[in-house]
1. Mind checking the mean number of beta-carbon atoms from other chains within 10 Å of the Cβ atoms in B:180-192?
2. To the nearest µm²/s, what D does Stokes-Einstein give for the stretch A:6-106 at 20 °C and 1.002 mPa s, using the Kirkwood radius over alpha carbon pairs as Rh?
3. Which pairs break 31 Å Cα to Cα here: B:Lys41/B:Lys215; B:Lys208/B:Lys237; B:Lys41/C:Lys276; B:Lys41/C:Lys277; B:Lys215/C:Lys277?
4. Using modelled amide H (1.01 Å from N, peptide plane; none on Pro or chain starts), what sits under 5 Å from the amide H of B:Glu257, excluding residues fewer than 5 places away?
5. Compute the FRET efficiency between A:Gln232 and B:Gln202 as 1/(1 + (r/R0)^6), taking r as their Cβ-Cβ distance and R0 = 30 Å, and round to the nearest 0.05.
6. How would you rank A:Thr43, C:Thr129, B:Thr167, going from fewest to most other Cβ atoms within 10 Å of each one's own Cβ?
7. For an R0 of 30 angstrom, estimate the FRET efficiency from the Cβ-Cβ distance between B:Gln249 and A:Glu169 and round to the nearest 0.05.
8. On average, how many beta carbons from a partner chain sit within 10 Å of the beta carbon of a residue in C:44-56?
Amino acid sequence: MSNLNQDQIKVLEQSRQRLVQLTHSLASLIGSLNQGDPLPPWTSLQSQASIISNNLTSVSEQLSDNRDLLSTLVAYPGPDYPGRTQAPTLEQLLRTKLDPRVEDWVSRGRKVGTDAEPQPATSTAGIAADDGTRALSESELAELWAWAPLEANQEARRRNWGGNYTLEEREMGIENVVTGLRRKLEDEEEGESEEEEGEGDGEEMDVVGVRRRPGGAGLEFDIAPHQKHPVQPFVPLDLILRHMTTGRMP
Amino acid sequence: MHEQSLFASVPVHQHHELLQQLAGLTAMQPRHCLERRLIFKAFRKPGLAGRTGASQDLQQGDLQRLNKMLNGNLYYTQVIGSVSEQDFGSTAQIDQDTQMAGTDNAERDGSPSSSYDYERQSWRLEFRDIPEAGTRSAVTSRFMSSAALPRGDVVQAMNAWGYNFVTEYVVEGDMFVHNGIAIFLHRVLHYPDGGDSNLPRQQLPALKDMTLLEKSGSYVLQAFIIVQDGSNQETMKTASQHLFGLREQLKPAVLLEQADRLSLDTRAK
Amino acid sequence: MPITGVYFIPSNPNSSTALSTVTERLRAAFPDEDIAPIGRWALEQKLLRDTLGLLPASSTNKKPPNPRYMQFLSLSHYPTHGFIYTSEPADKPPAPNQTPTGPVNGIAPDHSPAPPMVMTTIPPASYGTLFQHFTYACQPFWSHRFTLAVPNGVVYDVGDFRVRLGDVRQTVPTARVRGTLVEIEWRGPSVVEAIPVAREDGSFGSVAGAGGIDLEADSGIDISAADIEESDIDAEYTATASLIREFWARLGMEGREAILIPGVGSEVKERLRRWKKAGSRTDIGRDDAEGEPDPWSGADVARQFMEVLRFNR
């Protein structure tokens, strides 16, 4: 048994730091999912996910780069370790086996890892596999990617976009639809049908515009009830307030 | 008097929906407002500094007090006049002699004629101090006063009082009242010919020719309570709690926040 | 708006005022009149001065600029508005539209060295608010010097004149007696009183048929807009001023006089201008002649009071 040298301590410290980063980014994702109401925009979720992914990669690299050192390390409590007050941490540190929950994660991860490896093309190409969980082969994937966009496009053309509910959902009764949203979606289609407007009116609703009513009395709004192209203000609020206070142009 | 407020920026595409939401919340129809707002700035005379000398009839304490006053703050202040849509688009002052000649029964019962009469415009002086700094509550709180002025031209009096005209604009918007909170959804309109006039204008262009300050057409939402006695901590607290309550109610639609203090800085430097 | 004159008789802080003397002289000078109080009146004035002008002149011998004043006045006989009288700024920006309240005036040709004053009338609610505004937000310009009050003046009717008497007390910064005020108001027939007041919408409520007017009983003059010129108003003021001076002379008192001071009559002329402009509108009904009170009424007497009460210290 020998004491660790400076380099080895540095490796441990680096590992710790990367793990801390990972924990932080995970916690922030969990936090924004739990507390954000409504949910954070997808752009923010995606950027958090890519941060986590980067952190995972760097942890993974760190662990595999120093595999030799890390796999030979043995932890034991020093004489000055506060065993009485920090007993649970000590137990965690001294475990030789993984926590049962972690064991499950690891085994699931390993399974996914091995399944993802290219399989020998023994079975004939086909989407229907014996157990239904078999992953697709490379050629099958390529075929799927070639088929999907066209099919999706065709499917899309069959539908009249612009409403909050699909035809099927409406036939089922929109009160049965689980949207997952707190606010109540309006079904504006009903109003339109009373006015016997054509099918194409949906597109015109998208136009964003404000114009003076003829005669200068007030404004008319040509705004779709559910904006597809929201126009965000160009001038921030504080510059508007400053202009209103002092007349200074933003 | 103290004014406590919360602000939010409202993108134009949300305006219509928010109007309806506010009408629902407050159970009242919006009151449409158009206001001329004239900005005045207190002017400091040049060559203030260094006027000290042997005091003739002044006590030393008076002298110190005066020097402190001389170095006090000066402010921007606003003169606001309500106008109506009919006031806009008036052509050059219609000569009453020709317009009124003959029988004009339609005009006799004092119904407003189409021409805007600057001499009859009513005004009020609206002063706001810079918002208080370091308050614990998260609302914009500022000392304010509001006083009616005589009709017609205010510039001569304002000049004599120590204020110069800076510029003017028009605010259009809708007012609601809810739980003692005034809710004003508004935006700034500029005159089409720019703001280089050094006097308030005597005529108003057609409303449709007014241009938007914020080109996308967005609105400012201001929710405010005016507290008569700003030194009464209890009423001040109640007022801000009312505002917080409104903020919670409006949260799904719009987020009301404290304004950036320096953006409401009325001190003239 | 009646034509008036105001006199102020200063007194020493420790001696009694001239009030009782004036009352006695009044009774002596008009033995045939029943000199009995018919009412009370009150006045308050707050005077502000330009803060800079209060500093002692610097040693550089620079000529100190004219002092500037801002005076707030409220009168119980004009309860619908207060008055603010302010010196025009010395370096004021060009103001081409100086019509309504401008000091341009043919009545008083004398040019005092002090800068001309701007008269403003404000609703009573604004009186305190604006005063607070100037003392809070305009400290580098305006410094409150003192507050004067006539707490309980007495009103007498003497023939065609109405006389208001009262002692002036300073309440701020220290309480002391300043002197006695005498306001003499001409209540006889007057062209000035005959000019109708514009209504809220700018029309003239009291205009009767065919461009003529039927005045309230005591003015006794029937005129139309076309008959009056601004010079007539000047002449009326000058003539009435001599009547007031004559009245004052009969009391044999020494006092500071304010009658034909700059600006007096300018609101009346403005009223005439507006009336002439609207002159061809002849078919106005008379049923709602009671419009809002003229916001400029009393501006003349307010000027006169503030002229005599503009103390430097």
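Taken together, the values in this text are just the output of simple stated rules run on the coordinates, not laboratory data. These numbers were taken from a predicted model, which means no experiment stands behind them. Glycine gets a Cβ as well: all are built from the backbone with ideal geometry, and neighbour counts include every protein chain shown.
1. Numbers: counts 0, 0, 0, 0, 0, 0, 1, 3, 4, 0, 2, 0, 0.
Per residue, the average neighbour count from other chains is 1.
2. Numbers: Rh = 16.3 Å.
For the chosen part, D equals 132 µm²/s.
3. Details: B:Lys41/B:Lys215 26 Å; B:Lys208/B:Lys237 43 Å; B:Lys41/C:Lys276 37 Å; B:Lys41/C:Lys277 35 Å; B:Lys215/C:Lys277 43 Å.
In this structure, B:Lys208/B:Lys237; B:Lys41/C:Lys276; B:Lys41/C:Lys277; B:Lys215/C:Lys277 lie more than 31 Å apart at Cα.
4. B:Phe7, B:Ala8
5. Working: r = 38 Å, r/R0 = 1.25.
With R0 = 30 Å, the Cβ-Cβ based efficiency is 0.20.
6. Values: A:Thr43 8, C:Thr129 18, B:Thr167 22.
The most exposed by this proxy come first: A:Thr43, C:Thr129, B:Thr167.
7. Values: r = 30 Å, r/R0 = 1.01.
The formula returns an efficiency of 0.50 here.
8. Numbers: counts 0, 0, 0, 0, 1, 0, 2, 9, 8, 0, 8, 11, 10.
Shielding by partners across C:44-56 averages 4.
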